[in-house]
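The block underneath contains the structure these notes are about, expressed in structure tokens.
The values are calculated or read from the model by the stated rules, or taken from the named source; none is laboratory data. On a predicted model such as this, the values are computed, not experimentally measured, just so you know. Note that we place each Cβ from the backbone using ideal geometry, even for glycine, and neighbour counts take in every protein chain shown.
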Amino acid sequence: MGADPARGGPGTPAVAVLEPLHVEAMELLRRTVEVRCGAGVPVAGAAAIVTRGLGRVSAGTMEAAGPRLRCVARVGAGTDNIDVAAATRAGLPVFYAPDAFTEATAEHALTLMLAVARRVPFLDGRVRAGDWAARAGPLGLDLGGRRLGIIGLGRIGRRFAELGRALGMEVVAWSRAARDDRFPHTDLDRLLATSDVVSLHLPLSPETAGFLSRERIARMRRGAIVVNVSRGGLVDEDALGAALAAGRLRGAGLDVLAREPPPPGHALYRLPQVVLTPHSAALTEAAFRRACAEVVGAVLDHLAGRPAPGRLLRNPEVLRTDGTRGAGSAPGAGP
């Protein structure tokens, strides 16, 4: 899909939208700017680039946009598909939605944990196949009184910890920096060795890639469950699959995989104790609408010279307190 025919002209800024947004956000954009929408859409001359989880905005993408580029935006809380460092060097603000998906994602983590513990997809399949006798076992796992180990105490990790405690679970946590007095902080090795459920809530970075490694999986409590609604690259999938196939772990609930979409015949497909969803933890109607509205509103505010909410700015050092470009602005960056 190319430029929106409803807008145009030499004075109208263009916004490249790399993935579909909520219809209300798209309508808001189209009332104000020229919209280029779709995977592989040209970014040359764009004043803003907006992406979700799949469209990548590299340093090369920003360079290709040229001097008219004024900001980059991600409809989501993670910004690992944007080269934030390159944007910051170029003086480009990166807008995102750090809070919009917290509740939806934490609820999805809870859904995956319950689905694995009670073998819901497997039992559903057996009933549909006429096997009512599947109720005889193996039996599901009760979660009340079990230990939930939270790795990463950001917004989503904290909210999932609250939901786990509401189920009557004992909640412990490990984080490199964050602390919450409600959830005892413990050594990572101890968390892995003693938790019945281990849930990952870390951003993906060079430091966290492969975080749940073969060695760490080997330290996990026998019969434990892994939940991951963060990023697939945090987990050594081969090691996880081997531990599940060998019966060392009870199961895994994964909303994310290292390669998305995964290749046909992915090894985890063959394991009935694995529950998979397509990176959709955040995608509820209300959360998606809210995130799109927040991010698109910030982009339009910035393009109009109005200050955008500071909580939506991933790299606040590029803007002065009045919301305009700071001293790090790229030479030649136009209005």
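Could you give me the residue pairs with C-beta distances under 6 Å whose first residue belongs to region 145-169 and is farther than 19 Å from residue 226 by Cβ, whose second residue is assigned to a helix (DSSP H, G or I) and modelled with pLDDT of 95 or more wherever it lies, and which are 6+ apart or on separate chains?
155/102
Assess whether residue 65 counts as being surrounded by 21 or more Cβ atoms within 10 Å (Cβ to Cβ) and in contact with a helix residue (DSSP H, G or I) (Cβ under 6 Å, 6 or more places away or on another chain).
Numbers: surrounded by 21 or more Cβ atoms within 10 Å (Cβ to Cβ): yes; in contact with a helix residue (DSSP H, G or I) (Cβ under 6 Å, 6 or more places away or on another chain): no.
Considered against the rule, which asks whether it is surrounded by 21 or more Cβ atoms within 10 Å (Cβ to Cβ) and in contact with a helix residue (DSSP H, G or I) (Cβ under 6 Å, 6 or more places away or on another chain), residue 65 comes out as no.
Tell me yes or no: at least one residue of region 71-82 is buried (at least 24 other Cβ atoms within 10 Å of the Cβ), touching a Pro at 6+ places or on another chain (Cβ under 7 Å), in contact (Cβ under 8 Å) with a residue 24 or more places away in the chain and not aromatic (Phe, Trp, Tyr). Walk me through it before giving the result.
Going through region 71-82, the residues buried (at least 24 other Cβ atoms within 10 Å of the Cβ) turn out to be 71-75, 82.
When the remaining residues are screened for being touching a Pro at 6+ places or on another chain (Cβ under 7 Å), the result is 71.
Of the ones still in play, those that are also in contact (Cβ under 8 Å) with a residue 24 or more places away in the chain are 71.
Narrowing further to those that are not aromatic (Phe, Trp, Tyr): 71.
Yes, region 71-82 contains a residue that is buried (at least 24 other Cβ atoms within 10 Å of the Cβ), touching a Pro at 6+ places or on another chain (Cβ under 7 Å), in contact (Cβ under 8 Å) with a residue 24 or more places away in the chain and not aromatic (Phe, Trp, Tyr).
Residues of region 31-73 being farther than 19 Å from residue 306 by Cβ and charged (D, E, K, R), which ones?
34, 36, 52, 56, 63 - these are the residues of region 31-73 that are farther than 19 Å from residue 306 by Cβ and charged (D, E, K, R).
Residue 223 - would you say it is of a type in the set (Gly, Ala, Ser) and farther than 23 Å from residue 104 by Cα? Give the derivation first.
Details: of a type in the set (Gly, Ala, Ser): yes; farther than 23 Å from residue 104 by Cα: yes.
In short, yes.
Which condition breaks for residue 80 when tested against (1) part of a loop (DSSP other than H, G, I, E, B); (2) of a type outside the set (A, V, I, L, M); (3) more than 23 Å from residue 154 (Cα to Cα)?
Of everything listed in (1) part of a loop (DSSP other than H, G, I, E, B); (2) of a type outside the set (A, V, I, L, M); (3) more than 23 Å from residue 154 (Cα to Cα), residue 80 misses just condition (3).
Please indicate, with yes or no, whether at least one residue in region 93-107 is part of a loop (DSSP other than H, G, I, E, B) and in contact with a strand residue (DSSP E or B) (Cβ under 7 Å, 6 or more places away or on another chain).
So the first thing to find is which residues in region 93-107 are part of a loop (DSSP other than H, G, I, E, B), and the list is 93, 96-101.
Narrowing further to those that are in contact with a strand residue (DSSP E or B) (Cβ under 7 Å, 6 or more places away or on another chain): 93, 96.
Yes.
Let me spell it out: the conditions are (1) buried (at least 19 other Cβ atoms within 10 Å of the Cβ); (2) closer than 25 Å to residue 84 by Cβ, and residue 209 meets all of them except one. Which number is the exception?
The one condition residue 209 does not meet is (1).
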